[in-house]
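Enquirer: Sharing a structure here in structure tokens format.
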Amino acid sequence: MQKIHQRLNLVVRSDDPLSYLAPLHGQWSGYSKIKLGQYRIRLEVDKANKTLIVHKLGHRQNFYEK
């Protein structure tokens, strides 16, 4: 859990937080992900409010399921 917290802080405090994100496609179009070892974080970027909204955190094996 500490690594997840550290990674999110790194992204938020960065001058270019979008460089840490990878866009998702298909049913998850409009969302981005951060890879962290075997885990993934799905999030939404609210550029207007300069906010990252975390929608899901999970193991990569079942991360892309609804």
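Any read-out appearing in this document is the output of simple, stated calculations on the displayed coordinates, not a laboratory observation. Fair warning: this is a prediction, and the values are worked out from it, not measured in the lab. When we count neighbours, we look across all protein chains shown, and the Cβ atoms used for this are built from the backbone with ideal geometry, even at glycine.
Enquirer: If the label point is 7 Å along Cα→Cβ of Trp28, which residues in the range 1-18 have backbone nitrogen under 13 Å from it?
Expert: none
Enquirer: What is the gain in length, in nm to one decimal, between Asn49 and Gln6 on full extension, counting 0.36 nm per residue of separation less the C-alpha to C-alpha distance?
Expert: Gain on stretching Asn49 to Gln6: 13.3 nm.
Enquirer: Also, quick follow-up: Check cross-link reach from Lys50 to the lysines: straight Cα distance under 18 Å, and skip same-chain residues fewer than eight apart.
Expert: Here the lysines satisfying the reach criterion relative to Lys50 are Lys33.
Enquirer: Determine the dipole magnitude for the chain: charges of +1 sit on the beta-carbon of Lys and Arg, -1 on that of Asp and Glu, nothing else is charged, the reference point is the Cα centre, and the result goes in debye to the nearest 20.
Expert: 220
Enquirer: Hey, if you put +1 on the Cβ of every Lys and Arg and -1 on every Asp and Glu Cβ in the chain, which of Thr51, Gln2, Gly30 ends up farthest toward the positive end of that dipole?
Expert: Gln2
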